[in-house]
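Report on one structure; see the data block that follows.
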Amino acid sequence: MPFSRPILLAALAVLVIAATAGVLYVIRPIHVHAWTHPPAALAQLAMDKTPTEVPGVAFTDRGGGRQTLAGFKGRYVLLNLWATWCAPCVRELPALARLHDALPAGQVSIVAVNVGRSTAADSAAFLKAHGAGALTVYVDSYRAFIRVLDANGLPLSVLIDPKGREVARVLGPAQWDDPQAVDYLRDLTKPKPAAPHAS
C-alpha cells in the first residue's frame, strides 16, 4: 500500500530534525575536541593520552628571582627548553617570540628557559640579538628541567594545561608562528564557556 503524501512529508521532517540534531550533538563535540589533532604545521606535536603533573622545578628570571611552574597554574604554558649552543633552538626562538605576540595576553604563557650555562644577562642579550627579545628571560643553570622531563635533545617544547599537567610535547624545532599553529593554540587556550547547571 503506497504511503500518502502527509505521511511522506512527516517522515521527511523527522529525517531533517535527526540530521540537524546530528550536526549539533555529533559534529560539535568533534570540533570542541579537535585540539587532539594538531594542524600540519605542528605535525610533530605528540599528545599525551594520560596527562601527568609536571614536577616542580625552580628556575630564575632576569632579576635572579626564583620561579616555578606552579606560579603559572590557571593558564596554559608552552615550556620551551633551549640553549645558545643549540642551532635548532636559535632558529626556533624568533618563531616563539612571534607566537608570544600573536596570542592574547594571560591566555597562554610562553616560558622559554635557557638550560645552558649562560647568565640571565647573557640570555637577555642573546634573545634580543636573535630576534626573540619579546620572550621573558628564564634560566635553569642546573638543567633540572632536562632531568625531570627526560629530555633527549633540544629544543624541547612541552604544552602544560592550567592544572599543571603535560598534555603534549615536541622534540625539535616547530613552526610556532605558522598561522595554523597560532589558530590552534588560540582555540585550545581560549576560556571555555561554563557548563549550564541542571535546574
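The values are calculated or read from the model by the stated rules, or taken from the named source; none is laboratory data. Bear in mind that the values here come from a model prediction, so they are computed numbers and not experimental data. Here Cβ is always computed from backbone atoms with ideal geometry, including for glycine, and neighbour counts include all displayed protein chains. The area values use the complete protein model at the heavy-atom level, side chains included, leaving out ligands, DNA and RNA. Shrake-Rupley method; radii C 1.70, N 1.55, O 1.52, S 1.80 Å.
Summary of computed values
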item: Residue match in the stretch 141-150 (condition: buried (at least 20 other Cβ atoms within 10 Å of the Cβ), at pLDDT 95 or above and within 22 Å of Pro88 (Cα to Cα)); result: yes
item: Residue within the stretch 177-185 that is assigned to a loop (DSSP other than H, G, I, E, B), open to solvent by less than 10 Å² (accessible area, probe 1.4 Å) and in contact (Cβ under 8 Å) with a residue 12 or more places away in the chain present; result: no
item: Failed criterion for Leu96 (all others in (1) open to solvent by 30 Å² or more (accessible area, probe 1.4 Å); (2) modelled with pLDDT of 95 or more; (3) under 19 Å from Asp187 (Cβ atoms); (4) hydrophobic (A, V, I, L, M, F, W, C) hold); result: (1)
item: The stretch 143-156 residues that are of a type in the set (D, E, K, R), paired with ones that are surrounded by 16 or more Cβ atoms within 10 Å (Cβ to Cβ) (beta carbon under 6 Å, 6 or more apart); result: Arg143/Val115
item: Selection status of Gly172, open to solvent by less than 60 Å² (accessible area, probe 1.4 Å), free of Cβ contacts under 8 Å to residues at least 60 places away in the same chain and not hydroxyl-bearing (Ser, Thr, Tyr); result: no
item: Failed criterion for Pro88 (all others in (1) touching a Leu at 6+ places or on another chain (Cβ under 9 Å); (2) free of Cβ contacts under 8 Å to residues at least 40 places away in the same chain; (3) not aliphatic (A, V, I, L, M) hold); result: (2)
